[in-house]
1. Only one residue in I15, I32 is within 22 Å of M138 (Cβ to Cβ), of a type in the set (A, V, I, L, M) and at pLDDT below 95, so which one is that?
2. State whether one or more residues within segment 204-216 are over 24 Å from the mean Cα position of the chain (by Cα) and either open to solvent by less than 20 Å² (accessible area, probe 1.4 Å) or under 22 Å from N317 (Cβ atoms) (or both).
3. Quick one: is D21 within 30 Å of G146 (Cα to Cα) and either at pLDDT 90 or above or in a loop (DSSP other than H, G, I, E, B) (or both)?
4. Which residues, taken from segment 26-58, are over 28 Å from R110 (Cα atoms), in a loop (DSSP other than H, G, I, E, B) and touching a residue at least 12 places away in the same chain (Cβ under 8 Å)?
5. For the subset of segment 1-42 comprising residues that are among the β-branched types (V, I, T) and under 26 Å from the mean Cα position of the chain (by Cα), which member is surrounded by the most Cβ atoms within 10 Å (Cβ to Cβ)?
6. Condition (residue is part of a helix (DSSP H, G or I), of a type outside the set (S, T, N, Q) and at pLDDT below 90) applied to segment 333-344: is it met by at least one residue?
7. With the condition being in contact (Cβ under 8 Å) with a residue 60 or more places away in the chain, I'd like the strands (runs of 3 or more DSSP E) fully within segment 220-319 carrying at least 1 qualifying residues.
8. Answer with yes or no whether L292 is within 23 Å of the chain's Cα centre (by Cα), open to solvent by less than 70 Å² (accessible area, probe 1.4 Å) and of a type outside the set (V, I, T).
Amino acid sequence: MKSNYDVLGNYIRLIDTRNKDNVTNKVMGINIDKFFMPSVANVIGTDLSKYKLITKGKFACNPMHVGRDERLPVALYGEDEPALVSPAYFMFEIIDNKVLDENYLMMWFRRAEFDRICWLHTDGSVRGGITWDDICRMELPVPDIGEQRKIVEAYKSVERRIELKRKINDNLEAHANAIFEQSIYESKDLKPIYLFGQVITGKTPSTLVPEYYGKDIPFIKTPDMHGNVYVTTCECFLSKIGAESQSNKYIPKNSVIVACIGANAGEVALTSSVAQTNQQINAVTSKYPCFLYFSVKAHTSELRALGEGSSTMININKSSFENYQIPTPRIPDLDKLENRLSVLFTLILSNLYEIDQLDGLRRLLITQLSC
């Protein structure tokens, strides 16, 4: 495919359609994962007629923060209804869709190598911007349009499977939650969390000892929780030496982990393997992990209210957490409830493992574009 490389500027062009007729007031931004999202900017009193009007099949990118984020936030707009993007964004389209497929191009934009090259082209400003000319000078492989569409279809088939599995998991969790709520609806007995198992607050091994970090033991941080029922992947791992340096911080599979510091305080998940966590997470090792998962989730706001500090730097101390009382069925009923929930949670975990494998395949398809 190397012989098919060409400069990007031969296939795309800037467009500058403004919201002169006030078609919409929906303002969108682009996150570093290259998806459109509702803008967090305060646009009250802003003249939205100066904003750029983006429609389906068009691209937009934020050229201003590449040096800071080491990524170019660029996305393909796929909604039927138009939206607005910042006047500072580049908005562009493909010149001829019979030569270059827009979804194929978006796959190219998702490559880590593309972001690395963008970062190398950033200017000397604090945030590190990139120019339109620099983007246009980048090269990409442009095979036959039929080949491009085969690649895109393979990629989309993986995405559809991932989305299907996520919807199945959403339904399984909703069903499990309904069972949980029905079971505790008439529960009058309140018991503190510490009665359900040992509470372990995590700890971070010294970063001054490189040997403490490796590929052996998952080291969970709050961003790894991702709102999933289980944490199946994480960014950081400890070596066996690093984990043994704080051997009292091991937590087994199916431990309940709860964020206790910061904006995510109260967020809950389960571990999918033996792991350790940092100091921003409390873990509970219990024979009732599914019950505790929903109990914590049902009382997130109350647990956050226990925290000290500002709304963004909440700190739920260990004592407050483990003494928090939750409605609890009688033990025979609790055992039956946990058994019913665990069947559904096992299916959720299996689906999450498949999602991880599919996500790896999706990344592989992107990296192979230049082969």
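1. Values: I15 fails: at pLDDT below 95.
Criteria check complete, one pass: I32.
2. Checked against the condition, which is being over 24 Å from the mean Cα position of the chain (by Cα) and either open to solvent by less than 20 Å² (accessible area, probe 1.4 Å) or under 22 Å from N317 (Cβ atoms) (or both), segment 204-216 yields at least one hit.
3. In short, no.
4. Result: V43, single match.
5. I30
6. Within segment 333-344, not a single residue is part of a helix (DSSP H, G or I), of a type outside the set (S, T, N, Q) and at pLDDT below 90.
7. The qualifying strands (runs of 3 or more DSSP E) are 256-259, 268-271, 281-286.
8. no
The values are calculated or read from the model by the stated rules, or taken from the named source; none is laboratory data. Because the structure is a prediction, the values reported are computed rather than measured. We place every Cβ from the backbone using ideal geometry, glycine too, and count neighbours over all the protein chains shown. Ligands, DNA and RNA are excluded from the accessible area calculation, which covers all protein heavy atoms including side chains. Shrake-Rupley method; radii C 1.70, N 1.55, O 1.52, S 1.80 Å.
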